[in-house]
Amino acid sequence: MSPFEHGEVFVLDDGGEVDLDLGNYERFLDITLTRDNNITTGKIYQSVIDKERRGDYLGKTVQVVPHITDAIQEWIERVAMIPVDSKEGPADVCVIELGGTIGDIESMPFIEALGQFLYRVGPGNFCLVHVSLVPVLNVVGEQKTKPTQHSVRGLRGLGLVPNILACRSSKELDENVKEKLAQFCHVPAENIITLYDVPNIWHIPLLLRDQKAHNALLKGLNLHSVAGEPDLDEWTSRTRLYDKLHDSVKIAMVGKYTGLSDSYLSVLKALLHASVASNRKLTVEWVPAGDLEDISAKEAPEVYAAAWELLKGADGVLVPGGFGDRGVQGKILAAKYARENGIPFLGICLGMQIAVIEFARSVLGIHDANSTEFDPETANPCVVFMPEGSKTHMGGTMRLGSRRTYFNVMDCKSAKLYGNVKFVDERHRHRYEVNPEMVCQLENAGLSFVGSDETGRRMEIVELDAHPYFVGVQFHPEFKSRPGKPSPLFLGLIKAACGQLDAFLQKNGSVSQFSADTTSNGHAKIKILQNGHSPKSGNGLLNAAYGNAVVCPWKDVNHC
C-alpha cells in the first residue's frame with residue numbers, strides 16, 4: 001500500500017497490513033486486532049472464488065447476491081466471536097465500520113449484506129450510526145443540512161435506516177438545525193450527535209459522553225440492563241493535562257513522506273503519548289530528508305538552509321521507517337549530526353539501518369558501506385536482504401507482525417526503559433537487516449547491539465553507549481503505543497530531549513550486565529548455545545553445569 005494513497009500502513013500482531021483506521025481503534029480501545037478484523041472486497045471475492053473452485057456451491061451460478069453478501073455476513077459473525085481484549089468469551093458489541101460514501105459502487109455489496117443482516121438479527125440487535133458532514137458556509141455562517149438529508153435518503157433507499165446521526169461540523173449544531181435533521185431524516189433529536197472541531201482528538205469520547213451518545217447506543221442494542229455509566233476519569237484528567245501543557249519539546253522528523261503527515265500517524269501518536277507523559281507540549285518539525293543532501297544545496301540553497309536550520313533547532317531527531325533510496329543520504333546526514341553533537345536520536349527500521357551505515361562510514365572509515373537495498377553490488381554491505389525473503393513477490397513477503405527480541409545486555413537504556421525484562425514482543429515490517437558478519441567489527445568500534453532475535457544473528461536494537469540517547473530498532477515500537485501506556489523507546493527519546501532521562505532511569509533502577517536466573521533450588525540456570533541456537537530443554541549438559549563454567553557477555557556469545 002502506498003502511503004500517498006492510503007496514509008500509514010499499520011501492522012497488526014499477526015502480520016496483517018491494514019490502513020490507519022485499525023490503528024486508531026487499537027489505540028483508543030487498547031485492544032489487539034487481527035487481519036480478519038479488516039474485511040476487504042478482495043478478501044471476500046477470493047474466499048467465494050476458492051469455495052466455487054472446491055465445488056462448495058455444487059455448480060450453481062455464483063452471484064453477488066446471495067453468495068458475496070452471504071460471505072460478508074459469515075465473515076462478520078465469525079470474527080465478532082473472537083475476543084480482542086485479552087479476556088475470555090466473545091464481546092458484547094461488535095463495531096463494524098463500512099467505509100466509503102453512500103452511493104459508491106464499491107460499497108454496494110457490503111450495504112446489501114448489512115441490510116440482509118439487519119433483517120436476520122432484528123432491530124434490537126443492530127444499531128446503525130450514520131456519519132455525515134454538515135458544512136458551514138463561511139460567508140453567512142449557516143449550517144447546511146442538505147448533504148445529510150440526501151445521504152440519509154440514499155441510505156434508506158438501500159434498505160438501511162440510521163438509528164443515530166453523527167454530524168461532523170466545524171462548530172456545534174444549532175438546535176433548529178437538529179430539529180430540521182430530525183424531521184427530514186426521521187431520527188429523534190436526542191439521537192443526533194454533534195462531532196465538532198475540538199483542540200485535540202482525546203476530547204471526542206468526552207464529547208460523546210456529554211451528549212449521552214452511549215444512552216442512544218445502549219437503547220438501540222437493548223443493553224441498558226447490563227451497562228453502567230462510562231468511567232472516563234483517567235481519560236478526562238489526561239485530556240485536561242494535554243490542554244494545559246506549555247513547556248515544549250521539539251522533535252525533528254526526518255522522513256520521505258513529510259508532505260503527508262498521515263504516513264507517519266502512529267509515530268506522531270507515539271511521540272504525543274510520550275510527551276504528555278513527560279509533561280511537555282509536542283512540536284514536530286517536518287524535515288524532508290532530500291532537502292538535507294548536498295545536491296539540494298546546489299539546486300535549492302534556501303530549501304537546504306531551512307532544512308538544516310530545523311534540524312539544528314530540534315531537541316531530538318527521529319528517523320522513521322521507509323523504503324527506496326530517495327532521501328537516504330539526507331537521513332544518514334541527520335543521524336551523523338545527532339551522533340556527533342549528542343542530540344537524542346531514535347531510528348526506526350530503515351532509521352536503524354542508516355544509523356549503522358553512517359557509523360561504518362564515519363567511524364570505521366568504510367566510505368562505501370551501504371545497504372544492498374540501495375546498492376546491490378556494494379563491496380561492504382552493512383545491511384543485507386533477509387535470507388528467507390522473496391525478491392519476486394512484494395505483497396506480504398516481509399518479516400511481518402509481532403516477533404520476540406531478547407536483550408543481550410541488561411545494563412543498557414533500552415532494557416531499563418522496558419522495565420528490565422529479558423525480552424519484548426514488538427511488531428516488524430522489513431525486508432533488510434544488519435549484516436551479521438559485520439556486527440563484531442561494529443561493536444569493537446563502540447556500537448552496541450543490545451537486542452537480537454532468538455538466533456542471535458538478527459540484530460534488533462542498537463545503542464551508542466557514550467551518548468545521551470542514540471537508539472535504533474529494527475521493529476516498529478509506535479504500533480503498540482497507547483495514550484495511557486506510551487512506547488518505552490519513544491518515552492526515552494522525549495525524556496532525553498527534555499533532559500529527564502537520567503533521573504527517570506535512576507528511578508526505575510538499573511541491572512548489571514550479566515544477570516542469571518535462579519531455579520527454585522538456588523542453582524544458576526546456564527543457557528547453553530550451539531551455533532547461536534538454544535538447545536532443547538532437558539539437555540544433559542544443563543543438569544551438569546553446576547561445576548566450573550566459562551561465561552561471556554550475552555552479546556558476545558557468537559564471538560567467544
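The values are calculated or read from the model by the stated rules, or taken from the named source; none is laboratory data. Only a predicted model underlies this, so the values are computations on that prediction, with no experimental measurement involved. Counting neighbours? That spans all protein chains shown, and the Cβs are built from the backbone with ideal geometry, glycine included. Only protein heavy atoms, including side chains, enter the accessible area calculation; ligands, DNA and RNA are left aside. Shrake-Rupley method; radii C 1.70, N 1.55, O 1.52, S 1.80 Å.
Summed over segment 207-231, the residues that are in contact with a helix residue (DSSP H, G or I) (Cβ under 6 Å, 6 or more places away or on another chain) and surrounded by fewer than 16 Cβ atoms within 10 Å (Cβ to Cβ) give a count of 4. For segment 232-257, a residue qualifies if it is of a type in the set (K, R), open to solvent by 40 Å² or more (accessible area, probe 1.4 Å) and within 23 Å of A497 (Cβ to Cβ), and the qualifying residues are K244, K250, K256. Taking the criterion of being open to solvent by less than 10 Å² (accessible area, probe 1.4 Å) and out of contact with any Asp or Glu (no Cβ under 7 Å at 6 or more places or on another chain), the only residue of segment 410-423 that qualifies is A415.
Given the criterion out of contact with any helix residue (DSSP H, G or I) (no Cβ under 9 Å at 6 or more places or on another chain), at negative phi and of a type outside the set (S, T, Y), identify the matching residue among D247, D197. Criteria check complete, one pass: D197.
So for segment 146-161 (the condition being open to solvent by less than 70 Å² (accessible area, probe 1.4 Å), over 30 Å from Q73 (Cβ atoms), in contact with a Phe, Trp or Tyr (Cβ under 9 Å, 6 or more places away or on another chain) and not basic (K, R)), does at least one residue qualify? No: segment 146-161 contains no residue that is open to solvent by less than 70 Å² (accessible area, probe 1.4 Å), over 30 Å from Q73 (Cβ atoms), in contact with a Phe, Trp or Tyr (Cβ under 9 Å, 6 or more places away or on another chain) and not basic (K, R). Residues satisfying the criterion are absent from segment 496-504 (criterion: touching a residue at least 60 places away in the same chain (Cβ under 8 Å), farther than 22 Å from P344 by Cα and touching an Asp or Glu at 6+ places or on another chain (Cβ under 8 Å)). Going through S275, S266 one at a time, which residue ends up being polar (S, T, N, Q), closer than 22 Å to C498 by Cα, touching a Leu at 6+ places or on another chain (Cβ under 6 Å) and open to solvent by less than 40 Å² (accessible area, probe 1.4 Å)? Sole residue among the options that is polar (S, T, N, Q), closer than 22 Å to C498 by Cα, touching a Leu at 6+ places or on another chain (Cβ under 6 Å) and open to solvent by less than 40 Å² (accessible area, probe 1.4 Å): S275. Would segment 83-101 turn up any residue that is at pLDDT below 90, open to solvent by 80 Å² or more (accessible area, probe 1.4 Å), not charged (D, E, K, R) and not in a loop (DSSP other than H, G, I, E, B)? The answer is no, given that none of the residues of segment 83-101 is at pLDDT below 90, open to solvent by 80 Å² or more (accessible area, probe 1.4 Å), not charged (D, E, K, R) and not in a loop (DSSP other than H, G, I, E, B). Contact map, segment 431-445: first residue within 9 Å of V383 (Cβ to Cβ), second residue open to solvent by less than 30 Å² (accessible area, probe 1.4 Å) and in a helix (DSSP H, G or I), Cβ cut-off under 6 Å, separation 6 or more or different chains; pairs are V434/V356. Only a single criterion out of (1) over 26 Å from E478 (Cβ atoms); (2) at pLDDT 90 or above is not satisfied by I343, namely (1). Filtering segment 147-167 to residues that are in contact with an Asp or Glu (Cβ under 9 Å, 6 or more places away or on another chain) and either closer than 16 Å to I193 by Cβ or hydrophobic (A, V, I, L, M, F, W, C) (or both) leaves only L158. Consider segment 278-292 and keep the residues that are open to solvent by less than 10 Å² (accessible area, probe 1.4 Å) and in contact with a strand residue (DSSP E or B) (Cβ under 6 Å, 6 or more places away or on another chain). The one that is nearest to N370 (Cα to Cα) is A289.
Note on segment 102-119: among residues that are free of Cβ contacts under 8 Å to residues at least 12 places away in the same chain and open to solvent by less than 60 Å² (accessible area, probe 1.4 Å), the one that is nearest to R153 (Cα to Cα) is D104.
When segment 329-375 is filtered for residues that are assigned to a helix (DSSP H, G or I), surrounded by 23 or more Cβ atoms within 10 Å (Cβ to Cβ) and touching a Phe, Trp or Tyr at 6+ places or on another chain (Cβ under 7 Å), the ones remaining, listed by number, are A335, A338, Q353. Listed by position, the helices (runs of 4 or more DSSP H) enclosed by segment 119-223 that each have at least 3 residues that are more than 28 Å from M108 (Cβ to Cβ) are 175-185, 203-210, 213-220.
Contact annotation: residue pairs with Cβ atoms under 8 Å, 6 or more positions apart or on different chains, pairing a residue in segment 254-274 that is farther than 17 Å from K485 by Cβ and in a helix (DSSP H, G or I) with a partner that is open to solvent by 10 Å² or more (accessible area, probe 1.4 Å) and modelled with pLDDT of 90 or more, are S261/L268; S261/W286. Residue selection: V136 satisfies the criterion of being at pLDDT below 90, open to solvent by less than 70 Å² (accessible area, probe 1.4 Å) and over 29 Å from V18 (Cα atoms). Confirm whether A306 is in a helix (DSSP H, G or I), over 21 Å from I461 (Cβ atoms) and open to solvent by 40 Å² or more (accessible area, probe 1.4 Å). When the stated conditions are applied, A306 passes them. In segment 293-302 there is no residue matching the filter, namely being of a type in the set (G, A, S), open to solvent by 50 Å² or more (accessible area, probe 1.4 Å), over 17 Å from I251 (Cβ atoms) and over 27 Å from the mean Cα position of the chain (by Cα).
Conditions (1) open to solvent by 10 Å² or more (accessible area, probe 1.4 Å); (2) of a type in the set (S, T, Y); (3) outside any loop (DSSP other than H, G, I, E, B), marked per residue:
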| position | (1), (2), (3) |
| --- | --- |
| F10 | no, no, yes |
| D13 | yes, no, no |
| L22 | yes, no, yes |
| F28 | yes, no, yes |
| I31 | yes, no, no |
| D36 | yes, no, yes |
| K43 | yes, no, yes |
| S47 | yes, yes, yes |
| K51 | yes, no, yes |
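If the condition is being open to solvent by 30 Å² or more (accessible area, probe 1.4 Å) and without any contact (Cβ under 8 Å) to a residue 60 or more places away in the chain, then segment 309-322 contributes E309, L310, K312.
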